[in-house]
1. Report, by residue number, each residue of region 38-64 that is part of a loop (DSSP other than H, G, I, E, B) and open to solvent by 60 Å² or more (accessible area, probe 1.4 Å).
2. Against the definition (modelled with pLDDT of 65 or more and under 16 Å from Glu71 (Cα atoms)), how does Gly46 come out, yes or no?
3. Could you list, in sequence order, all residues of region 34-71 that are on the phi > 0 side of the Ramachandran plot and not hydrophobic (A, V, I, L, M, F, W, C)?
Amino acid sequence: MPGSGAPVRVDHDLSDPGAPLTGSPPAAPGGDAQPFANCTAARAAGAAPVRRGEPGYGPHLDGDGDGVACE
């Protein structure tokens, strides 16, 4: 009963993640294999920060080498 001070059971069933996410991350110009030319291009595409392994990542974008470019 709400407001009674009794504990409330919350089901955290993680086997059903709910509705799937729609859409996909922005692709790099020229397809998934091409890194962004620079961070300005990554930001303009709404992709920054770009992580290693994601479309558009390139080591030339990751100034500190931590795997996260255009941060």
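1. Matches in region 38-64: Asn38, Arg52, Gly53, Glu54, Gly63, Asp64.
2. Numbers: modelled with pLDDT of 65 or more: yes; under 16 Å from Glu71 (Cα atoms): yes.
So Gly46 passes the test.
3. Residues of region 34-71 that are on the phi > 0 side of the Ramachandran plot, as a first pass: 46, 53, 56, 65, 67, 70.
Answer for region 34-71, where residues must be on the phi > 0 side of the Ramachandran plot and not hydrophobic (A, V, I, L, M, F, W, C): Gly46, Gly53, Gly56, Gly65, Gly67.
The values are calculated or read from the model by the stated rules, or taken from the named source; none is laboratory data. Bear in mind that the values here come from a model prediction, so they are computed numbers and not experimental data. Only protein heavy atoms, including side chains, enter the accessible area calculation; ligands, DNA and RNA are left aside. Shrake-Rupley method; radii C 1.70, N 1.55, O 1.52, S 1.80 Å.
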